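Peer 1: So that we are looking at the same thing, I have put the structure below in structure tokens.
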Amino acid sequence: DTGVSQDPRHKITKRGQNVTFRCDPISEHNRLYWYRQTLGQGPEFLTYFQNEAQLEKSRLLSDRFSAERPKGSFSTLEIQRTEQGDSAMYLCASSYTGGGHGYTFGSGTRLTVV
Amino acid sequence: ELKVEQNPLFLSMQEGKNYTIYCNYSTTSDRLYWYRQDPGKSLESLFVLLSNGAVKQEGRLMASLDTKARLSTLHITAAVHDLSATYFCAAPSSGTYKYIFGTGTRLKVLA
């Protein structure tokens, strides 16, 4: 098992452009989470899926953000019309049902909006 | 809504010294998680504490959980430079599977 994979590792985009990130969780994990982390802060919850169902979305997730997990395996996070305030590390994590073992995080995608 | 607070936010300590990081959370939770993050890297799981009184140890780090006090501690024994990192605690939000993270404790161990 290669762990949680995220792609790309880094993304620089111009303000107003759309970006999409991908996350491949650990294959046995049915829950998948997206978090955002800015410099000097802890990760902030964005959304999570159980299998293909999106069960919760944070108020932080504006209409410009959308996440999908179409077949209950990999997930994508899209940001439309990016703003400079979107610059952050976007972290994906996965876990087993029950979550008692905690999350396993991916390496993250660092987004810079210029 | 669950809030998780850590203190101190910054900790600079000499090698060989002991210190404790505190994690308080605002609503009832029977489990608590500790993670380590190196600069520019993702989060690595350190400890999973699943019940009141749970104590876990790994090398120079020991974590404990007191659910009645809503407090977890991460104790560092005889610190070494390799422990320099940011440490986060996280608690699950009631009724969901999302975790709420503290703001982190940035630890710097000086040689």
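The values are calculated or read from the model by the stated rules, or taken from the named source; none is laboratory data. Since we're looking at a predicted model, the values are computed, not measured. All Cβ positions, glycine included, derive from the backbone under ideal geometry; neighbour counts span all protein chains shown. To get the accessible areas, we keep the full protein, side chains included, count just its heavy atoms, and leave off ligands, DNA and RNA. Shrake-Rupley method; radii C 1.70, N 1.55, O 1.52, S 1.80 Å.
Peer 1: What's the total number of residues in the range A:67-89 that are under 11 Å from A:THR112 (Cα atoms) and in contact (Cβ under 8 Å) with a residue 60 or more places away in the chain? It would help to see each step written out before you state the result.
Peer 2: Taking the range A:67-89 as the starting set, the residues that turn out to be under 11 Å from A:THR112 (Cα atoms) are A:82-89.
Remaining after also requiring in contact (Cβ under 8 Å) with a residue 60 or more places away in the chain: A:82-84.
Qualifying residue count, the range A:67-89: 3.
Peer 1: Could you check how many residues of the range B:35-53 are more than 12 Å from chain A (Cβ to nearest Cβ) and outside any loop (DSSP other than H, G, I, E, B)?
Peer 2: Within the range B:35-53, the subset more than 12 Å from chain A (Cβ to nearest Cβ) is B:52-53.
Filter once more, keeping what is outside any loop (DSSP other than H, G, I, E, B): none.
Residues meeting the conditions: 0.
Peer 1: When you go through (1) within 14 Å of chain A (Cβ to nearest Cβ); (2) more than 10 Å from the chain's Cα centre (by Cα) one by one for B:LEU11, which number turns out not to apply?
Peer 2: B:LEU11 satisfies all of (1) within 14 Å of chain A (Cβ to nearest Cβ); (2) more than 10 Å from the chain's Cα centre (by Cα) except (1).
Peer 1: Output the residue which, of all residues in the range A:41-73 that are closer than 26 Å to B:ASP38 by Cβ and open to solvent by 40 Å² or more (accessible area, probe 1.4 Å), is farthest from the other protein chains (Cβ to nearest Cβ).
Peer 2: Of everything passing the filter in the range A:41-73, A:LEU60 is farthest from the other protein chains (Cβ to nearest Cβ).
Peer 1: To continue, here is another question. If you scan the range A:21-40, which residues turn out to be over 30 Å from B:PHE10 (Cα atoms) and either within 13 Å of another protein chain (Cβ to nearest Cβ) or exposed (fewer than 14 other Cβ atoms within 10 Å of the Cβ) (or both)? Steps first, please.
Peer 2: Restricting attention to the range A:21-40, the residues satisfying the condition of being over 30 Å from B:PHE10 (Cα atoms) are A:21-32.
A:CYS23, A:ILE26, A:SER27, A:GLU28, A:HIS29, A:ASN30, A:ARG31, A:LEU32 - these are the residues of the range A:21-40 that are over 30 Å from B:PHE10 (Cα atoms) and either within 13 Å of another protein chain (Cβ to nearest Cβ) or exposed (fewer than 14 other Cβ atoms within 10 Å of the Cβ) (or both).
Listed here are the residues, each with its yes/no results for (1) of a type in the set (Phe, Trp, Tyr); (2) under 30 Å from B:ARG31 (Cβ atoms); (3) assigned to a strand (DSSP E or B).
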site	(1), (2), (3)
A:GLY3	no, yes, no
A:ARG22	no, yes, yes
A:TYR35	yes, yes, yes
A:GLY42	no, yes, no
A:PHE45	yes, yes, yes
A:PHE49	yes, yes, yes
A:PRO70	no, no, no
A:SER73	no, yes, no
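Peer 1: Determine whether the range B:28-37 contains at least one residue that is of a type in the set (Val, Ile, Thr) and surrounded by 13 or more Cβ atoms within 10 Å (Cβ to Cβ).
Peer 2: No, because not a single residue in the range B:28-37 is of a type in the set (Val, Ile, Thr) and surrounded by 13 or more Cβ atoms within 10 Å (Cβ to Cβ).
Peer 1: Of these, B:LYS68, B:LYS56, which one is out of contact with any strand residue (DSSP E or B) (no Cβ under 9 Å at 6 or more places or on another chain) and either under 21 Å from A:TYR103 (Cα atoms) or in a loop (DSSP other than H, G, I, E, B) (or both)? Give the derivation first.
Peer 2: Values: B:LYS56 fails: out of contact with any strand residue (DSSP E or B) (no Cβ under 9 Å at 6 or more places or on another chain).
Testing whether each residue is out of contact with any strand residue (DSSP E or B) (no Cβ under 9 Å at 6 or more places or on another chain) and either under 21 Å from A:TYR103 (Cα atoms) or in a loop (DSSP other than H, G, I, E, B) (or both) leaves just B:LYS68.
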